[in-house]
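In what follows, a single structure is set out as structure tokens and then discussed.
The values are calculated or read from the model by the stated rules, or taken from the named source; none is laboratory data. Values in this document were obtained by computation on a predicted structure and should not be read as measured data. Note: ideal-geometry Cβ built from the backbone for every residue, glycine included; neighbour counts use all protein chains shown. Areas reflect the complete protein model, heavy atoms only, side chains present, ligands, DNA and RNA absent. Shrake-Rupley method; radii C 1.70, N 1.55, O 1.52, S 1.80 Å.
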Amino acid sequence: MKLKIRKELCEMEKNSYASDQIVLPEGGIDCSEGCNPYGYPEGILQVARAFKSERFAPYPHSMAAYNGICEYWKSQCFLKRDNIMLTDGSISAIYIINNIFNVKGAKVLGIAPQFTDFGANIRLLGMEYVSVPLRRENNFQIDIEELLDKITGDLSLLYIDNPNNPTGQVVDSKDIERILKKAEDCGVCVIVDEAYGDFMPKDNSAVKFLASYENLIVIRTLSKGFGLAGLRVGYILAAENLIRCMYKMTNPYQVGEISRELAGAALTVENHIADHMENFARQKRELRKNLGGELRMAETCDTVSICLIYHQDSKVDLHRRFIEEGVLTVPGAEFDELNSSYVRVRMPMEKDFPVLLKAVKKIGQE
């Protein structure tokens with residue numbers, strides 16, 4: 001029987017490194033998953049222990065996550081419940097946003113490389129996806145001027161992940177505002193995906209521009225810096241009219257009751273992300289010093305947990321070589337404009353760092 005499903009879903013492959021299975025090399029370390037290797041803030045454990053099991057029965061109605069988000073951002077922006085949409089992580093936020101702009105002939109601008117699932121979803125929806133490439137000769141530094149030149153009135157959306165995934169570089173908020181102004185003049189909506197935003201200063205977030213730019217959508221998640229990927233809690237911040245449109249594309253119960261409660265607690269208790277940022281910065285500096293003759297590290301912000309490492313020889317399968325040395329990474333071929341000679345590396349815990357450092361030294365000297 002031939003089922004009447006969308007033809008392109010059968011013919012296209014979804015380009016994504018996300019998986020529900022992780023296979024570590026024997027005795028090896030995981031430097032692939034983007035979640036914080038140090039885990040969650042311990043202050044939420046008291047809330048978890050106090051959670052009443054009878055609350056599993058009804059649909060989720062807890063306002064704890066909404067209240068926590070408003071409290072967390074009060075120094076940057078005044079938020080109301082109507083400016084917030086809870087989502088199943090930041091990836092679900094992307095799917096929801098893309099759907100409300102999925103009109104015939106829609107054109108979307110991004111950069112390459114960036115988070116693969118965004119471009120993959122745009123293509124599956126039948127929208128045109130174009131990107132500004134980050135150039136190897138510039139060590140993959142984001143060219144703001146080139147990006148600004150590409151913002152034209154025929155665009156529906158512009159997507160930028162800040163910090164960038166896979167390089168871990170950070171775009172200054174002054175440049176984000178320049179992008180917002182140009183996009184506003186052209187009638188273009190800007191998505192700033194801050195999935196890794198907890199690893200940059202809070203005042204560099206685009207959240208502070210929400211009151212001034214109705215064409216801004218900010219995506220956040222508790223999966224990365226807060227170390228709560230298993231809770232599946234993300235959220236969208238935007239103008240009320242945009243949030244209303246998004247609610248028409250999904251259901252009101254994406255995030256469960258206990259996840260809402262723990263997310264609210266995580267956003268309001270003292271956490272230890274600042275200490276982790278210092279650890280990641282030390283590791284990146286040490287890696288940079290020991291890359292050897294064949295390896296390079298792309299432009300990055302040292303406090304961000306991820307970076308892009310590449311081999312001078314484009315024929316090298318760098319992902320395989322790291323596995324042979326006991327380190328699991330994300331293959332560069334999963335990202336637009338990259339190939340197998342690249343890998344994305346997430347900094348490990350301090351106790352595991354010697355394994356990564358040893359691998360980098362050995363591969364770089366081959």
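Points worth noting:
- Each Lys or Arg adds one and each Asp or Glu takes one away; over the other residues whose Cβ falls under 14 Å from the Cβ of L134, this sums to -3.
- Here the 3J(HN,Hα) profile of the stretch 33-45, calculated from phi with Karplus coefficients 6.51, -1.76 and 1.60 at θ = phi - 60°, is 5, x, 5, 5, x, 8, x, 9, x, 5, x, 7, 5 Hz, Gly and Pro shown as x.
- Among the listed pairs K74/K248; K284/K351; K289/K362; K181/K224; K107/K182; K181/K208, those with a Cα-Cα distance over 19 Å are K74/K248; K181/K224.
- Rolled with a 1.4 Å probe across the full set of protein chains, the surface gives M249 an accessible area near 100 Å².
- Taking a ≥ b ≥ c as the square roots of the eigenvalues of the alpha-carbon gyration tensor, the stretch 18-114 is classed oblate because a/c is 1.5 or more while a/b is no larger than b/c.
- Note on the stretch 185-233: semi-axes of the ellipsoid equivalent to its C-alpha gyration tensor, largest first and rounded to whole Å, are 24, 12, 8.
- L291 - accessible surface, heavy atoms, 1.4 Å probe, Å² rounded to 10: 10
- Cα gyration tensor shape of the stretch 106-204, rounded if a/c is under 1.5, else prolate or oblate by comparing a/b with b/c: rounded
- Helical contribution to [θ] at 222 nm, DSSP H n ≥ 4, -39,500 (n - 2.57), averaged over the chain, rounded to 500: -9500 deg cm²/dmol
- Cα-based shape type of the stretch 183-286, given that a ≥ b ≥ c are square roots of the gyration tensor eigenvalues and the cut on a/c is 1.5: oblate
- q = 0.07, 0.08, 0.11 Å⁻¹: log10 I(q)/I(0) that the Debye formula gives for the chain, counting C-alpha atoms only: -0.30, -0.40, -0.77
- A probe of 1.4 angstrom, applied to the heavy atoms of all protein chains, finds E350 with accessible area near 80 square angstrom.
- Accessible area ranking (1.4 Å probe, heavy atoms, ligands and nucleic acids excluded), largest first, for R135, R282, R346: R282, R135, R346.
- Taken per residue, the accessible surface of the chain reaches 45 Å², heavy atoms only and a 1.4 Å probe.
- Protein accessible area in the chain, 1.4 Å probe - carbon and sulfur %: 49
- Placing a pseudo-label 7 Å from each Cα along the Cα-to-Cβ vector at K289 and K7 gives an inter-label distance of 5.9 nm.
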